[in-house]
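Written below as structure tokens is the structure these notes are about.
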Amino acid sequence: MNAQSSTRIRLGVVALGKIPEIIPKSIAAHISGYLNLNTDVLPSRELPSYAFSRERLQYDAGIILKHLEQEHLPDYEKIIAVVEVDLFVPIFTHVFGEAKQGGKCGLVSVYRLNDEQDDSAPLPPLLLERAAKVSLHEAGHLLNLVHCTDERCLMHFSGKLADLDGMPLYFCRYCGAYLRDFLKR
């Protein structure tokens, strides 16, 4: 998508908990490059431990988003937070990310995005691509997009890695046009 530069919207990418430094940097670069937004990597913060559900052994994405929305970050209209824990919302067993349409904060989990089991190995490029796709999808929600029916669009819902891997790293022409119009306002 070749949106005109939007100097009004500043987006921050923040790691919650221990995240390899390259992941937020890669996410910020993709958002800046694809959406042409002023995007910064912010200092990492603690993961809100009270979002952990003992019943599900996962973290509640809604609680983390609520926590983020209460954070004081006046220089940023939108925030994408990255976590390395397993996320859920009550209606799904897990989610790769979560954001409210038109909201301030989005959330991305890399927990299920890595097929590699060896933590000592460098991060595989596929993990960074998957994180970029989920981040751009959640940023799309923050910029008022809804899920798209076109399977070749970043805004198409993906609940499995195969769906995510089959998705291109761009928006369909309709979602792209909507974003261009939205960012011009």
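Coordinate-derived values only; no laboratory data. Since this is a predicted model, take the numbers as computed values, not measurements. Methodologically, a virtual Cβ is constructed for each residue, glycine included, from the backbone with ideal geometry; neighbour enumeration extends over all protein chains shown.
Figures for the structure shown
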| read-out | value |
| --- | --- |
| Rounded, prolate or oblate (a/c below 1.5 giving rounded, otherwise prolate when a/b exceeds b/c) for the stretch 6-176 by Cα gyration tensor | rounded |
| Amide N proximity, the stretch 157-184 versus R8 label position 7 Å along Cα-to-Cβ, cut-off under 12 Å | 181-184 |
| Relative contact order computed over the chain (Cα-Cα under 8 Å; 6+ residues apart), in percent | 21 percent |
| Shape call, the stretch 90-176: gyration tensor on alpha carbons, a/c limit 1.5 | prolate |
| Whole-Å distance, taken between Cα centres, linking the stretch 148-185 and the stretch 19-62 | 20 Å |
| Mean residue ellipticity (222 nm) of the chain, computed from DSSP H runs ≥ 4 via -39,500 (n - 2.57), nearest 500 | -10000 deg cm²/dmol |
| Computed magnitude of the charge dipole of the chain (debye, nearest 20; Cβ of K, R +1, Cβ of D, E -1) | 720 debye |
| Unpartnered cysteines - no second Cys beta carbon under 4.7 Å - across the chain | C105, C175 |
| Charge-dipole axis of the chain as Lys and Arg at +1 and Asp and Glu at -1 on Cβ define it, positive-most pick from A29, I64, Y76 | Y76 |
